[in-house]
Amino acid sequence: AQKVTQAQTEISVVEKEDVTLDCVYETRDTTYYLFWYKQPPSGELVFLIRRNSFDEQNEISGRYSWNFQKSTSSFNFTITASQVVDSAVYFCALSYNFNKFYFGSGTKLNVKP
Amino acid sequence: DTEVTQTPKHLVMGMTNKKSLKCEQHMGHRAMYWYKQKAKKPPELMFVYSYEKLSINESVPSRFSPECPNSSLLNLHLHALQPEDSALYLCASSQVATSGPKRSSYNEQFFGPGTRLTVL
């Protein structure tokens with residue numbers, strides 16, 4: 001059974017538009033962690049945020065914000081005023097089993113000038 | 001130092017060659033990982049080392065042989081690979097996540113830039 005679903009395969013926006021990347025997860029554990037990673041064309045996965053299951057407080061970091069809702073098992077990521085440098089593949093991941101990560105299939109974001 | 005380094009960046013090898021991928025981190029992390037990533041796919045976990053001991057092997061073929069010589073280094077030895085093994089190989093490190101009610105929360109993984117492997 002798929003544990004992390006990123007239904008948006010690819011999204012294209014024009015610079016300065018806001019964009020939301022969706023992530024839906026599935027787990028029976030009460031303690032778990034959710035992550036977002038960015039993978040630019042260079043290949044390296046860049047850690048963006050970690051959220052644990054006991055903290056539903058939304059978070060904002062500059063142009064990035066995250067909306068965690070346990071009621072809908074979602075952990076969505078919004079980029080405000082997108083820039084060309086935001087173009088990348090973004091992965092949502094779930095961890096509940098020791099050190100094992102379950103990655104979603106990724107969403108490719110294209111930001112056009 | 002929050003960097004994970006990997007060498008080489010690119011590797012081309014024949015099916016009869018023996019080569020090794022190297023990974024190094026100096027963040028004091030005691031968990032290290034190997035992932036394989038095919039184009040347009042998410043990373044697939046191959047191996048996890050925790051305190052220099054192999055803790056997870058995701059049924060990886062024996063032509064891939066991991067080694068953790070010390071807490072900072074992780075190697076992946078390659079032998080008799082197939083063309084379908086061509087991929088980006090990513091190394092990562094993290095704090096060790098513990099189980100139980102006081103589970104450690106500091107288990108985000110930090111990734112290296114990867115080695116792009118081509119098997120001819």
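Run through the stretch A:21-66 and list the GluC sites (Glu not before Pro) located in a DSSP loop whose Cβ has at most 16 other Cβ atoms within 10 Å. Don't skip to the answer; put the middle values down first.
Numbers: sites: A:GLU26, A:GLU44, A:GLU56, A:GLU59; in loops: A:GLU26, A:GLU44, A:GLU56.
Those satisfying the criteria are A:GLU26, A:GLU56.
Percent antiparallel among DSSP beta bridges with both residues in the stretch B:4-120, to the nearest 5?
90
Just the isolated ones, please: cysteines in the protein assembly as shown lacking another cysteine beta carbon under 4.7 angstrom.
Cysteines of the protein assembly as shown left without a disulfide-compatible partner: B:CYS68.
In whole Å, what three semi-axes, largest first, describe the equivalent ellipsoid of the protein assembly as shown built from its Cα gyration tensor (square root of 5 times each eigenvalue)?
Semi-axes, largest first: 30, 22, 15 Å.
Estimate the FRET efficiency between A:GLN57 and A:ALA81 by the formula 1/(1 + (r/R0)^6), using the beta-carbon distance for r and 22 Å for R0, to the nearest 0.05. Provide the component values of the computation, followed by the final result.
Working: r = 23 Å, r/R0 = 1.04.
Result of the calculation: an efficiency of 0.45.
To the nearest whole number, what is the average tally of beta carbon atoms from other chains within 10 Å of the beta carbons of peptide B:86-93?
Working: counts 0, 0, 3, 0, 4, 0, 4, 0.
For this peptide, the per-residue mean of nearby foreign Cβ atoms is 1.
Which of the three applies to chain B, rounded, prolate or oblate, going by the alpha-carbon gyration tensor with a ≥ b ≥ c and a/c under 1.5 meaning rounded?
Values: a/c = 1.91, a/b = 1.79, b/c = 1.07.
Prolate, because a/c is 1.5 or more and a/b exceeds b/c.
Per residue of A:43-52, what is the mean number of Cβ atoms on other protein chains within 10 angstrom of that residue's Cβ? The partial results should precede the final answer.
Values: counts 10, 9, 12, 2, 7, 1, 1, 5, 1, 3.
The per-residue average across the peptide is 5.
Please state the relative contact order of chain A as a whole percent: Cα pairs under 8 Å, 6+ residues apart?
Reported as a whole number, the value is 38 percent.
Could you calculate the FRET efficiency of B:ALA80 with B:SER59 from 1/(1 + (r/R0)^6), where r is the beta carbon distance between them and R0 is 22 Å, rounded to 0.05?
0.80
If you add up the charges near B:PRO66, with Lys and Arg at +1 and Asp and Glu at -1, over every other residue whose beta carbon is less than 15 angstrom from its beta carbon, what do you get?
Values: positive: B:LYS18, B:LYS19, B:LYS22, B:LYS36, B:LYS53, B:ARG63; negative: B:GLU24, B:GLU44, B:GLU52, B:GLU58, B:GLU67, B:ASP85.
Net charge around B:PRO66: 0.
Please state the relative contact order of chain B as a whole percent: Cα pairs under 8 Å, 6+ residues apart?
35
Mind checking the stretch B:14-74 for chymotrypsin sites (Phe, Trp or Tyr not before Pro) that DSSP puts in a loop (not H, G, I, E or B) and that have at most 14 other Cβ atoms within 10 Å?
B:TYR51
Which of rounded, prolate, oblate describes chain A, given a ≥ b ≥ c as roots of the alpha-carbon gyration tensor eigenvalues and a/c under 1.5 marking rounded, otherwise prolate only if a/b is larger than b/c?
prolate
Let me confirm one metric for peptide B:44-51, namely the mean number of other chain beta-carbon atoms within 10 Å of its residues' beta-carbons.
Details: counts 1, 5, 0, 0, 4, 1, 2, 0.
Taking all residues of B:44-51 together, the mean is 2.
Quick one: work out the % antiparallel among DSSP beta bridges in chain A, nearest 5.
About 90 percent, rounded to the nearest 5.
Local charge sum around A:ALA88 (other residues, Cβ-Cβ under 10 Å, Lys/Arg +1, Asp/Glu -1)?
Charge balance in the 10 Å sphere: +1.
Arranged by the count of other C-beta atoms within 10 angstrom, fewest first, what order do A:SER95, A:SER87 take?
A:SER87, A:SER95
Filter the trypsin sites (Lys or Arg not before Pro) in the stretch A:1-104 down to the DSSP loop ones having no more than 13 other Cβ atoms within 10 Å, then list what survives.
Numbers: sites: A:LYS3, A:LYS16, A:ARG28, A:LYS38, A:ARG50, A:ARG51, A:ARG63, A:LYS70, A:LYS100; in loops: A:LYS3, A:LYS16, A:ARG28, A:ARG63.
Filter output for the stretch A:1-104: A:LYS16, A:ARG28, A:ARG63.
Past 30 Å, Cα to Cα, is the threshold; run A:LYS112/B:LYS41; A:LYS112/B:LYS19; A:LYS16/A:LYS38; A:LYS108/B:LYS36; A:LYS70/A:LYS112 against it and keep the listed order.
Values: A:LYS112/B:LYS41 23 Å; A:LYS112/B:LYS19 40 Å; A:LYS16/A:LYS38 19 Å; A:LYS108/B:LYS36 19 Å; A:LYS70/A:LYS112 33 Å.
With Cα atoms farther than 30 Å apart: A:LYS112/B:LYS19; A:LYS70/A:LYS112.
Express the relative contact order of the stretch A:50-113 as a whole percentage, based on alpha carbon pairs under 8 Å and six or more residues apart in sequence.
Relative CO of the stretch A:50-113 lands at 23 percent.
Where does the charge balance sit around B:CYS91 when Lys and Arg score +1, Asp and Glu -1, over other residues with C-beta under 14 Å from its C-beta?
Working: positive: B:LYS9, B:LYS22, B:LYS36, B:ARG116; negative: A:GLU44, B:GLU3, B:GLU24, B:GLU44, B:GLU67.
Net charge around B:CYS91: -1.
Here, each number is a calculation from the coordinates, and none is a lab measurement. These numbers come from a predicted model, not from an experiment. With ideal geometry, Cβ positions are generated from the backbone for all residues, glycine too; neighbour counts draw on all protein chains shown.
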